[in-house]
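The values are calculated or read from the model by the stated rules, or taken from the named source; none is laboratory data. Every value quoted in this text rests on a predicted model; they were computed, and no experiment measured them. Cβ sites come from the backbone with ideal geometry, for glycine too, and all protein chains shown count toward neighbours. Each accessible area value is taken on the protein alone, full model and side chains, heavy atoms only, with ligands, DNA and RNA left out. Shrake-Rupley method; radii C 1.70, N 1.55, O 1.52, S 1.80 Å.
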Amino acid sequence: MNYPINKPFLPNFAAYQAQLESIYQRNWLTNNGPCVQALEQQLTDYLGVEYLLLVSNGTVALQLAYAALGIQGAVLTTPFSFAATASTLCWEKLTPQFIDIDASTYNLDVSLITAEQAAKASAILGVHVFGNPCDVIAIDEFAEQNQLKVIYDAAHAFASPVGDKSALCFGDAATLSLHATKLFHSVEGGAIIFKDKATYLKAKQMVNFGFDAEQFPEYVGINAKMSEVHAAMGLCVLNEFEQVLTHRQTLVQEYQRLLSGVVQLQQWHADGLNNGAYMPVVLPSEMELQRVSATLLERGIQTRRYFYPSLSQVPAYGQCGVTPVANDISKRILCLPLYTDLTLDGVREICDALTTILAEGNR
Ligand SMILES: *Cc1c(COP(=O)(O)O)cnc(C)c1O
């Protein structure tokens with residue numbers, strides 16, 4: 001068996017080659033070129049969002065969102081995420097205040113935020129973990145009552161609905177990562193979806209050194225521009241995305257069918273639909289996780305501890321906040337192989353192996 005944890009999706013090569021030929025003919029390689037403009041338009045339509053800005057990666061997308069919204073001081077966030085959620089705050093000289101997660105959805109539990117914590121903070125930074133939308137209604141309500149801005153690290157939440165809307169429609173800003181390993185990608189890339197037009201226009205200048213139409217640096221900016229060759233890849237992947245999404249959703253449904261009652265599975269938002277981005281399972285203990293992942297690897301099945309450690313346990317991120325649930329889940333969670341090339345038979349083989357290994361441990 002040979003099942004990697006992930007494998008980037010590559011679109012039809014001839015289609016990408018045709019895009020590259022057009023780029024050669026135009027000799028317009030970056031600075032808001034035709035491919036970037038086309039991808040922005042197509043993503044805006046596909047996702048049903050309003051103000052979408054493409055950038056060079058999902059990390060700088062978060063940093064730009066904080067800067068454009070003028071976030072300062074403490075930010076209430078989840079410890080159960082990828083490093084970039086907390087590191088971008090620290091990089092922007094903001095203070096992550098970690099709030100614990102819900103034990104079944106793995107998302108930030110807004111009911112745990114104290115009045116004192118809310119009073120000291122300027123924003124909530126939620127993460128739609130593994131694509132599962134946060135309780136966006138409760139977070140909105142709490143933010144409004146406490147005059148907090150809301151930002152979502154929506155790196156996993158491409159094509160993840162809440163009711164009849166995209167999860168990306170929630171928050172003052174939501175950010176995407178379009179990294180090669182993500183559900184939808186442009187090799188490297190990212191996007192920010194803003195609620196408000198003025199903030200979007202400000203961020204659009206910030207992406208290009210803060211320049212206005214006369215090349216005057218109106219804001220402190222950065223270089224976060226997406227290039228034409230990256231946008232061209234995005235256009236080609238988007239062209240095939242419906243098949244990718246449907247197939248991955250089928251794979252996840254099969255995983256869930258075979259593993260329900262065997263391991264703990266993530267509880268999804270009641271008004272959502274699993275977008276097939278990740279396949280996390282929670283094991284009874286960290287020791288069992290280590291045994292299971294090592295034995296799976298011997299059989300050619302790669303897994304990944306995702307997310308470990310809990311970000312509230314990382315000295316470099318300040319360790320502000322008591323988060324027993326996140327600390328516990330992060331020690332026991334494992335992601336199983338999930339990629340577009342994987343087949344239903346592959347999922348069955350992986351589930352067989354996992355079920356057998358777990359039963360051996362119980363003897
Ligand atoms: C991938 C990821 C990022 C970072 O995105 P890049 O495009 O790799 O910079 C941020 N947050 C989360 C939750 C991610 O999974």
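Note on the chain: the C-alpha convex hull projects to 18.4 nm² when averaged across all orientations. Where the centre of each part is set by its Cα atoms, how far does the stretch 20-36 sit from the stretch 85-151, in angstrom? Each part's Cα centre sits 39 Å from the other's. Pairs of Lys residues in the chain that lie 8 or more places apart, or on two chains, and have C-alpha atoms under 21 angstrom apart add up to 19. In this simple spin-label model, placing a label point 7 Å from the Cα along the Cα-to-Cβ direction at both I137 and S104 gives a separation of 1.7 nm.
Within the chain, DSSP assigns beta bridges of which about 55% are antiparallel (rounded to the nearest 5).
The slack between A38 and A119, meaning 0.36 nm per residue of separation minus the straight C-alpha distance, is 24.9 nm.
Measuring how big the stretch 91-176 is from its alpha-carbon positions, Rg and Dmax come out at 12.4, 37 Å. Apolar share of the accessible surface for the chain: 52 percent from carbon plus sulfur atoms, 1.4 Å probe.
Highest mean first, the peptides 340-350, 198-208, 99-109 sorted by other C-beta atoms within 10 Å per residue fall in the order 99-109, 198-208, 340-350.
Under a model in which nothing but the beta-carbon of Lys, Arg (+1) and Asp, Glu (-1) is charged, the chain shows a dipole of about 640 debye around its Cα centre. A convex hull fitted to the Cα coordinates of the stretch 172-265 yields 144 cubic angstrom per residue.
Note on the stretch 247-363: along the principal axes its Cα atoms extend 45, 39, 24 Å, ordered by decreasing extent. Computed per residue of the chain from DSSP H runs no shorter than four, each worth -39500 (n - 2.57), the mean residue ellipticity at 222 nm is -12500 deg cm²/dmol. If both residues of a DSSP beta bridge must be in the stretch 138-224, then about 75% of such bridges are antiparallel. The mean sequence separation of alpha-carbon pairs under 8 Å and at least six residues apart, normalised by the residue count of the stretch 189-251, gives a relative contact order of 21 percent. Think of a 1.4 Å ball rolled over the protein heavy atoms: the chain then has 44 Å² of accessible area per residue.
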